[in-house]
Amino acid sequence: MALAKRSALDVAASPHSEEVPGLSRLTRVASDNRKTVRTHARQQKAAERIASATGQLAAGIAQSSSAAEELRKAMESIAAGAEEASAASEESRRAVTSITAGLLQSKNAAEMSR
């Protein structure tokens, strides 16, 4: 036997080297179907991730809204307390002014009586 490339011998001896009519078309269709399925799976995965992120965002917004409402109530309570403190402070100032005036009158009266 003469020396020959092994690949040339394998191709010539291979019984599957002959193409079955329509096989390449079926292979192409099957490949396209697999690509379509993979693309659909990727799109489905992306849609699920977007839905999950949207849900998390909505939960965060609801939580933020609740916190803002609590802050508003706290600020109203602080404002009411500040108004009460202001009124009490004004009342104390008037009382101190009145007491000071009374002490001055008493001092003047005591000095005059001597």
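Quick notes on this one:
- At full extension, Thr36 and Leu23 could sit 2.7 nm farther apart than now, given 0.36 nm per residue minus the alpha carbon distance.
- Taking a ≥ b ≥ c as the square roots of the eigenvalues of the Cα gyration tensor, segment 29-113 is classed as prolate, since a/c reaches at least 1.5 and a/b is larger than b/c.
- Chain lengthening between Arg94 and Gln63 when straightened (0.36 nm per residue, less Cα-Cα): 6.5 nm
- Among residues other than Gln43 with Cβ under 14 Å from its Cβ, the summed charge is +4 (Lys and Arg +1, Asp and Glu -1).
- Computed extension gain for Gln56 through Lys107, at 0.36 nm per residue and net of the alpha carbon distance, reaches 10.9 nm.
Computed from the coordinates by the stated procedures, all read-outs in this text should not be read as laboratory data. The structure presented is a predicted model; accordingly, all values stated were derived computationally and were not measured. In this analysis, Cβ positions are derived from the backbone assuming ideal geometry, glycine residues included, and neighbour counts consider all displayed protein chains.
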